[in-house]
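S.K.: Before I ask anything, here is the structure I am working with.
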Amino acid sequence: MDDFAQLVRGESRGLIAAVQAIVGDRSRAEEIVQDAFEKGYRSWWRVSRLDRPGAWVRRVAINEAISVGRRRASEDRAVARLTAMVATEAGGDPLAALGDDDVWAAVRALPSEQASAVALRYGADLSLDEIAQTMNISVSAVKSLLHRGRASLRGSEQLQSHVS
């Protein structure tokens, strides 16, 4: 079990940062990462035989973070529709302010694969090869996702208002 403890020590900090970049909440990120490590521990007999057990844990955590983000996005859209409907019926303005000028909020607004690549690169400080392995895609696909993600962030209204 020393190998597992070493894995947790080596991966936790960066993985929490990457997941936090995706979900936007530190405590939720810690829960997701803890759950990923728990799954790894329960399957340690199999995971420990992999070339890179850390990549397996990262993939589990990132997949869950993406799922959480999708659920939240669906909930946010539903709330926005309801708010707009209520505001329109009451004669008010159906447009709501963004409210979150945080850089990571703009990252979370990216398509999920771009958000994951950006979070793993800048949140977890992973190399292109590590990101490719974690996301189970080629290095050139990672480069493309990072390029498109950065381009979108440069044009993001959320970031423009953050910088202004």
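S.K.: So which residues in region 6-44 are among the small types (Gly, Ala, Ser) and either in contact with a His (Cβ under 6 Å, 6 or more places away or on another chain) or assigned to a loop (DSSP other than H, G, I, E, B) (or both)?
M.R.: Passing the criteria: Gly24, Ser43.
S.K.: Which pairs have Cβ atoms under 8 Å, sit 6 or more apart or on different chains, and link a residue in region 21-35 that is without any contact (Cβ under 8 Å) to a residue 60 or more places away in the chain to one that is among the acidic types (Asp, Glu) and surrounded by 19 or more Cβ atoms within 10 Å (Cβ to Cβ)?
M.R.: Ile32/Glu64; Asp35/Glu64
S.K.: Look at Ser48 and say whether it is polar (S, T, N, Q), farther than 14 Å from Ala115 by Cα and in contact (Cβ under 8 Å) with a residue 40 or more places away in the chain.
M.R.: For Ser48, the condition - polar (S, T, N, Q), farther than 14 Å from Ala115 by Cα and in contact (Cβ under 8 Å) with a residue 40 or more places away in the chain - is met.
S.K.: Restricting region 129-153 to residues that are hydrophobic (A, V, I, L, M, F, W, C) and buried (at least 17 other Cβ atoms within 10 Å of the Cβ), which is nearest to Glu64 (Cα to Cα)?
M.R.: It comes out as Met135.
S.K.: So, Arg59, is that one modelled with pLDDT of 90 or more, part of a helix (DSSP H, G or I), closer than 25 Å to Leu145 by Cβ and not β-branched (Val, Ile, Thr) or not?
M.R.: So Arg59 fits the description; yes.
Every residue, every condition in (1) part of a loop (DSSP other than H, G, I, E, B); (2) at pLDDT 90 or above, yes or no:
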position: Phe4; (1), (2): no, yes
position: Arg46; (1), (2): no, yes
position: Ile66; (1), (2): no, no
position: Arg71; (1), (2): no, no
position: Val86; (1), (2): no, no
position: Leu95; (1), (2): yes, no
position: Ala106; (1), (2): no, no
position: Gln114; (1), (2): no, yes
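S.K.: Could you please let me know if Arg42 is surrounded by fewer than 13 Cβ atoms within 10 Å (Cβ to Cβ) and among the charged types (D, E, K, R)?
M.R.: Yes, satisfied.
The values are calculated or read from the model by the stated rules, or taken from the named source; none is laboratory data. The model shown is predicted, which means the values in this text are computed figures rather than measured ones. All Cβ positions, glycine included, derive from the backbone under ideal geometry; neighbour counts span all protein chains shown.
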